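The values are calculated or read from the model by the stated rules, or taken from the named source; none is laboratory data. Treat the numbers as computed from the prediction; the structure is a model and nothing was measured. Quick reminder, even Gly has a Cβ in these numbers, built from the backbone with ideal geometry, and neighbours come from all protein chains shown.
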Amino acid sequence: MTDIFKDIEPMVYKSQINVPYSWWAGKTASKFFTELKENKKIMGTKCDKCSKVYVPPRKICPFCFKENQAWVELSDEGILLSYTIVRKQLASLPKKVPVIYGLIKLDGADTGLLHFIDEVLPKDIKIGMRLKACFLEERAGKIQDIGYFKPIN
Ligand SMILES: [Zn+2]
């Protein structure tokens, strides 16, 4: 096999591509985002067979393979299942480091919701701590309508 790049000096250009796009969230996620935006409600879906409550909502129960037909309004409070702390400022981060990502199990849910945790120092984060959703005043129908979760006593 010949090396077609042999004797060629590679040239590297730094550039940026903007790719505007839109997508349809689907029926299930659309209801979830609409409730966040219009009513500050966190909705999940419930399986009729095994009674598991999913948030973010899932259209199909992955255990029973049945369509989740029931909607459940969840508490805006829950417990921290797990977390990670990002300490390196990356361009993709929407906040200044340290950024804390938490997996939060809302009261009434059987699954975890990944979101930011704020108003707490990284050293004070504890698995099992109680957290509450802090909604933005101006909401756009996306998961960031919850700005972050904060500790409660
Ligand atoms: Zn099920």
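Number of residues in the stretch 112-131 that are more than 16 Å from I143 (Cα to Cα) and part of a loop (DSSP other than H, G, I, E, B): the value is 8. If I ask for residues that are touching a Gly at 6+ places or on another chain (Cβ under 6 Å) and more than 16 Å from the ligand (Cβ to nearest atom), which ones from the stretch 76-113 would you list? Selection gives I79, L80, L81, Y83, L103, I104, K105, L106, D107. Residues that are at pLDDT 95 or above and over 20 Å from I60 (Cβ atoms) within the stretch 19-33 are absent altogether. In the condition set (1) aromatic (F, W, Y); (2) in a loop (DSSP other than H, G, I, E, B); (3) under 15 Å from the mean Cα position of the chain (by Cα), Y148 is compliant with all but (2).
Residues that are under 30 Å from E119 (Cα atoms), in contact with a strand residue (DSSP E or B) (Cβ under 7 Å, 6 or more places away or on another chain), within 16 Å of the ligand (Cβ to nearest atom) and part of a loop (DSSP other than H, G, I, E, B) do occur in the stretch 38-55.
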